[in-house]
């Protein structure tokens with residue numbers, strides 16, 4: 001790994017989130033349960049560690065353990081600025097918005113770039129944008 005990779009601690013929704021992100025971005029969602037890791041700090045089928053691999057977006061996620069606080073997005077955006085072509089980014093924006101909330105529509109800004117913000121159904125905020133068409 002050569003870049004920081006987000007790791008989301010989610011409130012019992014890690015498996016669903018990783019499956020959702022695999023559907024949005026491509027790649028494969030891989031999960032391991034607390035039981036598989038020999039842990040007893042939550043339900044045996046809770047996700048102890050999971051990741052999205054093999055696609056254009058990498059991220060990790062797990063279900064927050066009893067002594068952990070789930071992910072909060074105060075002051076944090078997942079940025080996908082210029083990480084793919086305009087049509088791909090438009091598709092990602094639309095897919096992330098399904099069941100989520102558009103904060104700022106994807107539109108051309110006065111400086112000529114296009115961007116927008118969306119909070120997906122798992123409460124994760126995304127900034128998506130590109131230059132040109």
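Restricting to the stretch 34-59, count the residues that are closer than 24 Å to residue 83 by Cβ and touching a strand residue (DSSP E or B) at 6+ places or on another chain (Cβ under 8 Å). Residues flagged as closer than 24 Å to residue 83 by Cβ and touching a strand residue (DSSP E or B) at 6+ places or on another chain (Cβ under 8 Å) within the stretch 34-59 amount to 9. Of the residues making up the stretch 20-32, those that are closer than 13 Å to residue 96 by Cα and either surrounded by 15 or more Cβ atoms within 10 Å (Cβ to Cβ) or over 21 Å from the mean Cα position of the chain (by Cα) (or both) are 20, 21, 22, 24, 25. Being without any contact (Cβ under 8 Å) to a residue 24 or more places away in the chain and either part of a loop (DSSP other than H, G, I, E, B) or within 17 Å of residue 126 (Cβ to Cβ) (or both) is the requirement here; does residue 40 meet it? Yes: the conditions hold for residue 40. Checked against (1) surrounded by 15 or more Cβ atoms within 10 Å (Cβ to Cβ); (2) at pLDDT 95 or above; (3) farther than 13 Å from residue 126 by Cβ, residue 35 passes all but a single condition, namely (1).
The values are calculated or read from the model by the stated rules, or taken from the named source; none is laboratory data. From a predicted model like this one, the values you see are computed outputs, not experimental measurements. Neighbour counts run over all protein chains shown; Cβ positions are idealised from the backbone, glycine included.
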